[in-house]
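Every number here is computed from the coordinates shown, using simple stated rules; none is lab data. Computed from a prediction, not measured in an experiment: that's the story for all the values here. Here the Cβ positions follow ideal geometry from the backbone for every residue, glycine too, while neighbour counts run over all protein chains shown.
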Amino acid sequence: MRSRLIPLLFCLLTVTLPSLSGCSQMKGAYKETKTFYHTHINRPSKLDTEERTVLEKPQRDLVQSIMPIDEELTKLEKALDALATPPDAEAAANLLRRFPWLSGLAMVAPDGTLGASIPGTPLKQLDYAPLLELAPKALPRDLRASIQDTPLGPEFLLARPFLQEDRLQLLLVATFDFRALLPYASSPGDFIVRSGDVLIWSGDLDYASTPMASIDWTEYLKEHSDGILTNENGSMMWISRYIGGKPIVFAGPIR
């Protein structure tokens, strides 16, 4: 999917390494990370079935926990991307039935004002203006996302733009509270989810005591897509996936 990006950190690092053996090791690390990401988190339409990655237990645990959620998000992205025209009332109702974890749907004008919506009065006060901005390297037709913290909890906004001659005419915005996806996960208390600036879900973990709490994620995600973080309380493995051009971090403790 166009909105999904894999930072080429490991590949870029090989350019700066002077020894050929070092380059070989870094290329191997990049290949393993790329395969893990594409095979278990953001699966492209075609996979290289010749490549195999043996996952360690922490990786398997995290993947098994978040895979059903990732599948639901991917289905929603594909459904929105496949729309040729803005849905009428019946099509909108069908979309909500197909994805019962959605909070609602809204039509947003190019100036950010709210038009028709289901429900008529959204429960949370949301700002649609950030959806008018394209993510870096995004195309005008690409899905757009915003994650907003509210007094009633964080809310995802995923927008499908409709254009006329490359000019925005309308945004169809699907909104959801991440907590509505938790029943799809096998062990929702065992992982943390966050965006660059919003803590979305901390599970049964004390986020402030984890090594994730010391990271400026807005900056960190510009150069990293996965890794292991450690402090005096233990280690956590994390990996990111993109939704509407926004990186979302999933992390779990290494036990």
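Of all the numbered requirements in (1) part of a loop (DSSP other than H, G, I, E, B); (2) more than 22 Å from the chain's Cα centre (by Cα); (3) exposed (fewer than 12 other Cβ atoms within 10 Å of the Cβ), Leu123 misses one, and that requirement is (3). Counting residues in segment 201-212 that are in a strand (DSSP E or B) and either surrounded by 18 or more Cβ atoms within 10 Å (Cβ to Cβ) or not polar (S, T, N, Q) (or both) gives one or more. Here Gly189 clears all of (1) within 22 Å of Glu77 (Cβ to Cβ); (2) exposed (fewer than 13 other Cβ atoms within 10 Å of the Cβ) except the condition numbered (1).
Could you please let me know if Gly227 is without any contact (Cβ under 8 Å) to a residue 40 or more places away in the chain and assigned to a strand (DSSP E or B)? The answer is yes for Gly227. Within segment 133-184, restricting attention to residues that are hydroxyl-bearing (Ser, Thr, Tyr) and under 16 Å from Ser195 (Cα atoms), which residue is surrounded by the fewest Cβ atoms within 10 Å (Cβ to Cβ)? Taking the candidates together, the pick is Thr150.
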